[in-house]
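Values in this text are rule-based calculations from the coordinates and carry no lab data. Predicted model, so just to flag it, every value in this text is computed and none were measured. Cβ placement follows ideal geometry from the backbone for every residue including glycine, while neighbour counts extend to all protein chains displayed.
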Amino acid sequence: MDVIMPQLGETVAEGTVTKWHKKAGDAVKADEALFDVETDKVSTEIPAPASGVLAEILVAEGVTAKVGTRLAVIHEKSGESGGQAAAPARPAASAAPARAAAAAPAGGTGAGGAAGRLSPVVSRLIAEHGLDARKIAGTGRDGRITREDVLAHVAGRGAPQVARTEERAPYAAAGTEAIPLNTIRKRTAEHMAKSWTTVPHVLQVVEADFSGVDRARRAAAAQWKSREGFSLTYLPFVAWAVTRGLAKYPRLNASFSGDSLALHRRVHLGIAVDLNFEGLLVPVVKDAAAKSLSDLARAINDLAVRARGNRLKPDDVTECTYTITNNGAYGTLITAPVISPPQVAILSTDAVRKRAVVVESAQGDTVAVRPVGMLAQAFDHRAVDGAYAAAFLNEVKTAIETRDWAQELQG
């Protein structure tokens, strides 16, 4: 059976093999970790597609390959004899490129044990802080060291040790530090630059009164946190309103395909997740419009936790049809987000703050203090015009302001 480079996102055309967990001739079991791959969307383990013997490795560590490229061959076990397949046709490459070697943690580690099985992100963190992986306690699967383990170790020992400027960038002037971009940062830069220069972006913003959302959150807060183990934020409420709005305005739940616009019947909602300022991933809530508010909250939290723990699966970052990016935790007022082609729109949710607003009623206008937040959508003017996009934003705003959220939480 051929092992191929998987599709790790609809706009991803290639990936870099950063680590093989097996060598040619080793026995493998279906679904156990076979190799690590890194793209601009995700850094993740890829499981073995079948049980048998890893006959040959065709793409060495550190090599970037196109989606669909044959990376290795597994000789499957015979169902009749139960024996292993024949010996590999040829050995794996004897040495990985310098790029892979540079990612090895400082202090050196053996091939065996959790310290010898590091993800690319963890390897970089360990190298940047000058750590010895053998001295870091791993809390991940099978004792593997996670990003959080490294950060906790750094916090426990004091200020991080930053490599000397002349070691990291000999050309840098005195008093400066040049920090190389990681793969996610590089690919994000390329993708966003291409989007900004080729897509005619239009930004529209509405403000929404979150009073009803706040009442429902406060009433459910303690019970929700006790039952679910995480806090109920504004984001799931916005996501619920967005998915229902897209059902009425499907041209925003779409993607360009040549000279045509493909309207997607299902809403696969991308949620931008910050990786502790090291990059951004957009895992996807599949069939988001079919989920209840509570299920949306659980799905969003699960994806965020696994993204930051480097535990996303390949399917978690594919098929996105619309994206939400949330900067509100940092107190932003309005963010103009950049569309991720081939999608045609993206929504930014910013901070919800108490403001004095005019409240209209049959008895007249009054001034009241209400929690208000901005909803900023960037849309591709080739796909829709301003009136269509504005109508969608108004639909989302109306849902946020008028929905019976307490009832939705019970659903």
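Of all aspartates and glutamates in the structure, the ones whose alpha carbon falls short of 19 Å from that of K248, not counting any fewer than 8 places away in one chain, are D287, D380, D385, E395, E401. Backbone amide hydrogens, once placed in the peptide plane, bring A72 within less than 5 Å of V3, L58, excluding anything fewer than 5 places away on its chain.
For L34, nonlocal amide neighbours, meaning residues 5 or more places apart or on other chains whose placed amide H falls under 5 Å from its own, are I46, A48.
Which loop trypsin sites (Lys or Arg not before Pro) in the range 253-294, with loop taken from DSSP, have no more than 14 other Cβ atoms within 10 angstrom of their Cβ?
Within the range 253-294, the qualifying trypsin sites (Lys or Arg not before Pro) (loop, at most 14 other Cβ atoms within 10 Å) are R265, R266.
Within 13 Å, Cβ to Cβ, of D209, how many net charges do the neighbouring residues add up to if Lys/Arg are +1 and Asp/Glu are -1? Don't jump to the answer; show the numbers that get you there.
Values: positive: R215, R353, K354, R355, R370, K397, R403; negative: E207, D214, E360, E401.
Neighbourhood net charge equals +3.
Report the FRET efficiency, 1/(1 + (r/R0)^6), for A60 and R311, where r is their Cβ-Cβ distance and R0 is 25 Å, rounded to 0.05. Before the final figure, lay out each step's value.
Values: r = 25 Å, r/R0 = 1.00.
For R0 = 25 Å, the calculated efficiency reads 0.50.
Across the range 232-365, Cα-Cα pairs more than 26 Å apart make up 27 percent of the total. Computed from the Cα positions only, the extents of the range 307-411 along the three principal axes stand at 55, 36, 30 Å, in decreasing order. For N327, the amide hydrogen comes within under 5 Å of the amide hydrogens of T349, counting only partners 5 or more places away or on other chains and with H modelled in the peptide plane. For the range 319-328, backbone phi angles converted through the Karplus equation (6.51, -1.76, 1.60; θ = phi - 60°) give residue-by-residue couplings of 6, 4, 10, 7, 10, 10, 10, 10, 10, x Hz, Gly and Pro being listed as x.
If you take the square roots of the eigenvalues of the alpha-carbon gyration tensor of the range 258-299 and sort them as a ≥ b ≥ c, do you get rounded (a/c under 1.5), prolate (a/b over b/c) or oblate? Show your work: numbers first, answer last.
On the way: a/c = 5.07, a/b = 1.19, b/c = 4.26.
Taking the square roots of the gyration eigenvalues as a ≥ b ≥ c, the range 258-299 is oblate.
Taking a ≥ b ≥ c as the square roots of the eigenvalues of the Cα gyration tensor, an a/c ratio of 1.5 or more together with a/b no larger than b/c marks the range 180-224 as oblate.
Is there a pair in K66/K194; K225/K354; K186/K397 whose C-alpha atoms are over 31 Å apart, and which pairs would that be?
Details: K66/K194 19 Å; K225/K354 24 Å; K186/K397 35 Å.
Flagged as over cut-off: K186/K397.
Here the simple spin-label model places points 7 Å from the Cα toward Cβ, and for V202 and E148 these points are separated by 4.3 nm.
Within the shell defined by Cβ-Cβ distances under 15 Å, the residues around Q410 carry a net charge of +2, with Lys and Arg each +1 and Asp and Glu each -1. Across the range 214-224, rounded Karplus estimates of 3J(HN,Hα) from the backbone phi angles (6.51 cos²θ - 1.76 cosθ + 1.60, θ = phi - 60°) give 4, 4, 5, 5, 5, 5, 9, 3, 5, 5, 4 Hz, Gly and Pro being marked x.
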